[in-house]
Structure formats: C-alpha cells, structure tokens
Amino acid sequence: MRRLEPAAALHTEIGNFESQKLFILISTVMTWARSKPLDPDDPEIPFTEDDYRRRRCHLNFKDHLSVEKLVIKMGKSNKGKFSTYVIASGVLYGAEEGILHTVFKEAWIGETPALSIYGEGQNIIPLIHVADLASVIQNIVDRRPRTHYLVAVDDSVHTLEEIVKCISTHLGPGKVQKVSKEAAFLNKELTQLDIDHLLVNLRMEAVFLKENFNINWVSQTGMVENIKSVIKEYKQSRGLLPIHICVLGGPAVGKTTVSKLLCKHYKLHHILIKDVITEAIENLEDLLKSPPEEEEEGEEGPEAWQELLDTVKENMEQNGGRLDDSYVIRFMKEKLRSMPCQNQGYVLDGYPKTYEQAKELFNSEEGEEEEESRSKVPRFDKTITPEYVISLDASDEFLKNRVINLPESTVAGTHYEQDRFLRALATFHVSKDDDPQYRDIIKQIIKEVGEPRNYGLTPEELTDLELKQAEESLASEAERKAELERMEAEEEAERIARWEEWNSRLEEVKRQEHEMLEAQSVPLRNYLMKNVMPTLIEGLNECCKVRPDDPVDYLAEYLFKHNPQIE
C-alpha cells in the first residue's frame, strides 16, 4: 500500500535519528462509517476519540483502516525517536470544497431547476473546514499530545438535506429535490469516493480538540451557519468571480450584437429591458397561480403580488406599452441580484440611458442619505454595479444607413421605425465618425476584460469544439487536396496543350520544308528529264539487250559514246 511508504521509510531509519521525528496521518471518518451505536436506545450519542477501538469502516475504506492501525503501531515501537498521530477528519469544505465541490458546482452553474438530495437526506455528515483542520495539525506539531488518535470535526450536526438546501438557497436555484441513492451513480461528476462520503451517517464530537487545543476556529459552528463566507472562499479559490458589463450607445449602433458576442464568449446573461419586464410579469403570474409552500419572513404575499401586477399592467396601458422608470428599476434590481447574475455575471444591454436611471438602479439603499450628506458621490451597490462600461460610437450617417438596410420585419414595431429612430438619435448625440467592426470591438473588449471567470468549456462543449475543429481540419485538407488536384489538372492540361501545339508547329515546319524542297526540285527534274534521262534510258535498254559481264562499265561506255553534246 503506497500510503504506508513514507511512514515505513521513516520507521526503518529510526536508528539514525538524532531527534524525534513526527508523522501525522490525515485519515477520514469513513473508517467509522459502520460502527455500531454506543447505546442502541440512544443513537444520538456521538462517537469520540475514546471510542476509536470500536470503529468499523466502510467496506470501501478497509485500506484506510489498515493504514491507521499500522501507523499507530509504528509510533509505539520507539516513542522517543518516532512519534505518529492519526486524524480522523470530517468531510472537508471551504476553499475549493473537495467532496462537496460537485454540489457547489451544480448550484453555481444553475442549469438544473433543483439540486438533488440522494435518498431521504436525513443522514448526518461530519464536517470540518479545511482551515480548521490545518489548525488541528499545527496544534499537534506544537503540543505533541499524549493521545495519538484524534477526531477532527466541527460542532455542527448537519444532515445531507440541510447542507444541500443551504447551498441551493445561497448559491443555486433555491430548490431541492429528493432522488434515489442509485441516481447518484448516474451523475458523471460524482466519483465512488464522493458518493460514499455524501451518504455516510455519523454523529461525531471532537472532545479532545475542544478541551486541549487552542484553535482559532474559522467555522466552528459548521458550514450552514457560515455559508456566506464559505461561498465567498469557493468563488475566490475557483476563480468564479462574476463579470458585470454594461454596453451603451446610440440607437442601431450594435449594442445587442456586441452584447450577445460577449455573453457567448464569457458565458454571461444577456439583460434586456424588454425581457426583464416580461419575465417579471410572468413570475408574478406564476406566483399567483402556485404560491410557494413556505414563505420567508418579510416576504410579500399574494395580495401584494396581485396589486403590483395590476399596477404594472395599468401603467403599461396608459403609457402605450412602456413602463415607468420606478417599476423598470425595481425589476432590473431584482434581476441583477438573482443568482445567475451574481454567479456568472451579466451584460446589461442599453440601460441605463440617463444618469438618474443609473443612480437609482445602482445606488446602495442602506445608509444612502447619511452617506450622500457626507459626499457628493452617491453610494453604490457593489454586487450589481457594472465592472466595465462600454460605449459604442458611430456617425449619424452610418446609423441611418444601417437602419435603412435592415429588413422590414426587423424594423417593424421597434424603435428603428423612422420617427422613433430619429428622435432617439437626436437624444443620443454621436460625435465620432467611426464604423464599428464587431470582431475588432470584441477583441478590444476581451483584451480589457481578460479571461473568462468560469469552469470553462463543459465536456459536451469540448466534444463539440473538437468535432468542429476536426470537421474544419477535414474540410481544409479536402480543400487543399482539391486545390492540388486542380493545379495538377491545370498543369497536365497546359502540358498537353503545349505538346499538341509543338507537334502542330513541327508538322507545319515539315510541310513547309517539303513544299520548299518540292519547289526547289522542279528545275532539277526538268533538267534531268531533258538532258539526262533520254540517253540514260536508251543505255539501260541497250544494257538489258546485250547483258554484258560488267553492266556498269558497259553503261558508262555507252553513255560516253552516245553523249549528244559530243555528237
């Protein structure tokens, strides 16, 4: 077992130690998971360090139990030279969250309407904050206690249901659902180790720590009581800080296009006034149709919801479908304070349009009057105020041309209609004369905002990206091959054309040479036919008649004798 290697290596070197060496094993409460209750009639009595000899481990943690026993045994062989301690640690939380990370991640992403509770959720999970465990280890190093087996848990007695509900309320959708224990195995994010810890049912108390150690507890009362600070640690440790962006600009300058591109790149929520109002009205109607079973203290009831809904609808009818700023700001604040916007962040598209709207929307309601009396700058709510404000500028001529070129279906019924657009353009004066190029704009914004602050691409998105890259690679390779084949075909065609042209020219040259030779040979033929051929033919005929032994000599003698010129 590899877990024993460090302890075993130290143990074999005891004879060479000049001073005492300390070995601390951080184990798990899962080595107690199947321990029988101390009192069958009172199962709520917690286990303590004194009961460690009675512990019974979970079936998947037999190796852990064996390691615990061997480490304790090694520490007894020569206490003066080699001292060992075993810490049975509760399920860790804090920072990156460890075993509970899957629950935190599911809540933060917010893609499920409710977090899952596996089983009835009444099992008690012993917990301890990672910083508190570090303090326990530090105390062991400093104090060298006589007790060598310690239990490290906080004072909480939280059930799985309480833990999941707490995380869902303060980080996720606010709802939970109970599913079977077997459903945990269908969750790809959960390992067997995670499932075993989430389903453990143990009551434990760290009596020795509280009585003998001086611990500056970070979360002694437990995770539920300290959930806000735990969530803050989780977000900071995982780099899951929200990005708040506000995109402003004149009508038709491209705010929505830029906002959508930013939302896609950073996985943020696109906030449009129209969508926020519609969603708020739908939420009020849903609350009236099915009120929540449990109402929180100070929460409005059905009468207030109905009154608000009637007032909003009446206000919109009176204003031609528009809603007064007071209601818009109220709904907008609720949206920006919602869990999705607080977790991932948002891109606020084209709002607020005036300083007064911005002041009302982002101001801090607590102690506002007192603060404003001290400073001219109003207090603002840091949880919803934009981190980046982007102003898009373009010339009036560009904006007019852009609206003119929009499809009629896009323009109809919007502020892009001629009269409304010109009024909006007159209200928002544009001074620069630049044409917005969305790709360049997004690059500049991303350079300023930085890298996304989320979990990155999901396995499905990574698969899609790899598939897309593979398709692009195949398409590029196919295009390259097609281009190569095209070039080769063109070269082959050009080569054939040149060969044919060369052959054609060669034939033409031969024909011309032949014709020239023919023309040049006519006088020679005429000369031969007139002066040579008659005598030569007679000589040949005579040679054939006589058939001399030497026909060539005979023919030569004949031609010499019968040469017309000699005659």
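Points worth noting:
- Qualifying residue in the range 65-73 (condition: modelled with pLDDT of 90 or more, in a strand (DSSP E or B) and not assigned by TED's automatic domain parsing to the domain that holds Met339): no
- Top-ranked residue of the range 136-161 - restricted to ones that are out of contact with any strand residue (DSSP E or B) (no Cβ under 9 Å at 6 or more places or on another chain) and in a helix (DSSP H, G or I), ranked as surrounded by the most Cβ atoms within 10 Å (Cβ to Cβ): Asn139
- Failed condition for Gly254, given (1) under 28 Å from Ile271 (Cα atoms); (2) at pLDDT below 95; (3) out of contact with any helix residue (DSSP H, G or I) (no Cβ under 7 Å at 6 or more places or on another chain): (3)
- Residue ID - nearest to the chain's Cα centre (by Cα), chosen from residues in the range 114-135 that are in contact (Cβ under 8 Å) with a residue 24 or more places away in the chain and assigned to a helix (DSSP H, G or I): Val130
- Each residue in the range 356-386 was checked for being in a helix (DSSP H, G or I) and at pLDDT below 90, and 7 pass.
- Selection count, the range 207-243, where residues are in contact with a Pro (Cβ under 9 Å, 6 or more places away or on another chain) and either closer than 23 Å to Val164 by Cβ or surrounded by 17 or more Cβ atoms within 10 Å (Cβ to Cβ) (or both): 4
- Selection status of Lys105, free of Cβ contacts under 8 Å to residues at least 12 places away in the same chain and either outside the structural domain of Ser338 (by TED's automatic domain parsing) or part of a strand (DSSP E or B) (or both): no
- Considering only residues in the range 55-82 that are touching a residue at least 60 places away in the same chain (Cβ under 8 Å) and more than 30 Å from Leu198 (Cα to Cα), the one that is surrounded by the fewest Cβ atoms within 10 Å (Cβ to Cβ) turns out to be Gly80.
- One residue from Glu461, Glu488 being assigned to a helix (DSSP H, G or I) and at pLDDT 85 or above: Glu488
- Pairing each residue of the range 9-37 that is under 14 Å from Lys81 (Cα atoms) with any residue that is among the β-branched types (Val, Ile, Thr) and loosely packed, with under 14 Cβ neighbours inside 10 Å, provided the two are 6+ apart or on different chains, yields C-beta distances under 9 Å for Leu22/Val141.
- Test result for Val230, assigned to a helix (DSSP H, G or I), at pLDDT 95 or above, closer than 28 Å to Trp108 by Cα and touching a strand residue (DSSP E or B) at 6+ places or on another chain (Cβ under 7 Å): yes
- Checklist (1) within 30 Å of Glu461 (Cα to Cα); (2) not in a helix (DSSP H, G or I) applied to Ser237, failing item: (2)
- Filtered residue count, the range 261-276, keeping only those that are touching a residue at least 12 places away in the same chain (Cβ under 8 Å), of a type in the set (Lys, Arg) and at negative phi: 0
- Every test in (1) farther than 23 Å from Asp50 by Cα; (2) within 29 Å of the chain's Cα centre (by Cα); (3) at pLDDT 95 or above is passed by Val224 save one, and that test is (2).
- Of all residues in the range 244-270, those satisfying the criterion of being over 21 Å from the mean Cα position of the chain (by Cα), surrounded by 21 or more Cβ atoms within 10 Å (Cβ to Cβ) and within 21 Å of Cys341 (Cβ to Cβ) are Cys246, Val247, Lys255.
Results for (1) of a type outside the set (Phe, Trp, Tyr); (2) over 30 Å from Tyr266 (Cβ atoms); (3) modelled with pLDDT under 90, shown as yes or no for each residue.
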position: Leu467; (1), (2), (3): yes, no, yes
position: Ala478; (1), (2), (3): yes, yes, no
position: Val509; (1), (2), (3): yes, yes, yes
position: His514; (1), (2), (3): yes, yes, yes
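- Cβ separations smaller than 7 Å between residues 6+ apart or across chains give the following pairs from the range 161-172 residues that are over 12 Å from Ile231 (Cβ atoms) and modelled with pLDDT of 95 or more to residues that are part of a helix (DSSP H, G or I) and not basic (Lys, Arg): Val164/Val103.
- Per-region count, the range 169-210, residues out of contact with any His (no Cβ under 8 Å at 6 or more places or on another chain) and either assigned to a loop (DSSP other than H, G, I, E, B) or β-branched (Val, Ile, Thr) (or both): 21
- Where a residue in the range 309-323 is surrounded by 12 or more Cβ atoms within 10 Å (Cβ to Cβ) and its partner, wherever it lies, is aromatic (Phe, Trp, Tyr), with Cβ under 6 Å and at least six apart: Val312/Tyr327
The values are calculated or read from the model by the stated rules, or taken from the named source; none is laboratory data. This structure is a prediction, so every number in the text was calculated from the model and none was measured. In this analysis, Cβ positions are derived from the backbone assuming ideal geometry, glycine residues included, and neighbour counts consider all displayed protein chains.
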